[in-house]
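Shown next, in structure tokens, is the structure this report addresses.
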Amino acid sequence: GSVKNWAGDSDSDSEDKEQNSRPKLQLKEKTKIMTDEEIFSQVTIILKDFFLMQRPKETLAKVNEVFEGQKYQVEFIRKVIVSCYGQARAEVKAASSLLLKAKQDNMLKPQDISDAFEIVSTKLSKGLELEDKSDSKYKKAKENLDIVSQIYKMLDAKSGVNGVNFGECTLKILKIENKTVAKEAEEVDNAASEFDQAIEQLVSSGKKGSALVAQAQAQDISKAKKGAFGIAFIKKLLSTTGLCKGDQTASWVDKSNYGALLADCLYEEEPSAKQLENQVNALNEIQMAFNAVSFPRNAKGSSLLEKTFMELYKHEVIADEAYIAWKDVTDTPGKMNAIVQTSQFIAWLEEEEESEEESDEE
């Protein structure tokens, strides 16, 4: 993983500088001042140790020693969150896990969790309120908001925010994010309805490969709606053709079959946030289609869902990061079964991602 980044996070450094105007924290001796930079440095060391060694008891003891029990809760939580900016998913999970364990051990009070999130959210909201969406500060705020949302969701999934009354700004930006997701889901449903006739014609035409792509392009679908069209096509195809059954299930993903059209609608090697979401939604549709037929296996006992996922990756229909993001979407029917059945493939992708990050660092 990109552990080294924790020691040199530029966003965190700038965030710390802006916080220098805040009152300095006094140690017990009252003769020494612990600056924000010193707090961040200690958090960095603790996170690295926890990520590499995975020794929660020893790590929590260190937190208790360095931050004097419950004296520096807010600063500790805030720095853990900020330290995740620009980090990979593995590091975010590790940081969230550390916060969760600290709360479970009653080292973190609900009110201090709320206060820490509110400080972070207030800073993010300034960037999110910029009218120029192409402004680098707005884009960075959106990226960092995604990290904060991930941390919140990971804590929430393990009851880590039970009893926490979040502040107005935290609720506001999380609500904005949720509304955005709901709006995009509604757009997908509307697109499915809008494209019903076109998809029906494509599915029943008998055309495949490049011929199918050409017929779809003749529908003059805008680039902005291509992703929604691809998702709607998958939903219609799998619900009406029985492709979720039989040993040759995954063959429909071949470029000579439907893969070429799906790649044209969905694939980007380095997808934008919207394109990544479309790919994740496509995986959700496939997962739910297999769930509807009780996740069949082939004669050798292999998962047909995993085989399909592997073929989608092989034929460049879905990018690797979409699978990893898909794993964290828990509110779809049959998700736990799907995760179990695709565990080997997803684990392989995560190992590949970690290897690439280590290579980049070198």
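The values are calculated or read from the model by the stated rules, or taken from the named source; none is laboratory data. Owing to the predicted nature of the structure, the values given are computational and were not obtained by experimental measurement. Cβ coordinates were reconstructed from backbone atoms using ideal geometry, including for glycine residues, and neighbour counts include every protein chain displayed. Heavy atoms of the whole protein, side chains included, go into the accessibility calculation; ligands, DNA and RNA do not. Shrake-Rupley method; radii C 1.70, N 1.55, O 1.52, S 1.80 Å.
Worth pointing out:
- Answer from LYS142, LYS158 - the residue that is at pLDDT 85 or above, farther than 17 Å from PHE76 by Cα and of a type in the set (Lys, Arg): LYS142
- Only one of the numbered conditions (1) of a type outside the set (Val, Ile, Thr); (2) open to solvent by 10 Å² or more (accessible area, probe 1.4 Å); (3) touching a residue at least 40 places away in the same chain (Cβ under 8 Å) is not met by LYS225, and that is (3).
- In the stretch 287-326, of all residues being in contact (Cβ under 8 Å) with a residue 40 or more places away in the chain, aromatic (Phe, Trp, Tyr) and in a helix (DSSP H, G or I), the one that is farthest from GLN344 (Cα to Cα) corresponds to PHE290.
- Checking every residue in the stretch 335-345 against the condition of being in contact with an Asp or Glu (Cβ under 6 Å, 6 or more places away or on another chain), of a type in the set (Phe, Trp, Tyr) and assigned to a helix (DSSP H, G or I) gives at least one match.
- Qualifying residues in the stretch 290-315 (those that are aliphatic (A, V, I, L, M) and at pLDDT 90 or above) - the one most open to solvent (accessible area, probe 1.4 Å): MET310
Quick grid of which residues meet (1) touching a Gly at 6+ places or on another chain (Cβ under 6 Å); (2) open to solvent by 20 Å² or more (accessible area, probe 1.4 Å); (3) among the small types (Gly, Ala, Ser):
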| residue | (1), (2), (3) |
| --- | --- |
| PHE229 | no, no, no |
| LEU262 | yes, no, no |
| LEU276 | no, yes, no |
| VAL280 | no, no, no |
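- Filter result for ASN284 (touching a residue at least 12 places away in the same chain (Cβ under 8 Å), more than 18 Å from GLU316 (Cβ to Cβ) and surrounded by 15 or more Cβ atoms within 10 Å (Cβ to Cβ)): yes
- Flag for SER136 being at pLDDT 85 or above, among the small types (Gly, Ala, Ser) and buried (at least 20 other Cβ atoms within 10 Å of the Cβ): no
- Candidates PHE290, PHE345, PHE309, PHE295: the one that is touching a Cys at 6+ places or on another chain (Cβ under 6 Å) and under 22 Å from TYR258 (Cβ atoms) is PHE290.
- The residues of the stretch 78-93 that are of a type in the set (A, V, I, L, M, F, W, C) and open to solvent by 10 Å² or more (accessible area, probe 1.4 Å), listed by number, are ALA88, ALA90.
- Flag if LYS235 is free of Cβ contacts under 8 Å to residues at least 24 places away in the same chain and open to solvent by 40 Å² or more (accessible area, probe 1.4 Å): no
- Exclusive hit being open to solvent by 60 Å² or more (accessible area, probe 1.4 Å) and either touching an Asp or Glu at 6+ places or on another chain (Cβ under 7 Å) or at pLDDT 85 or above (or both), set GLU75, GLU37, GLU65, GLU118: GLU37
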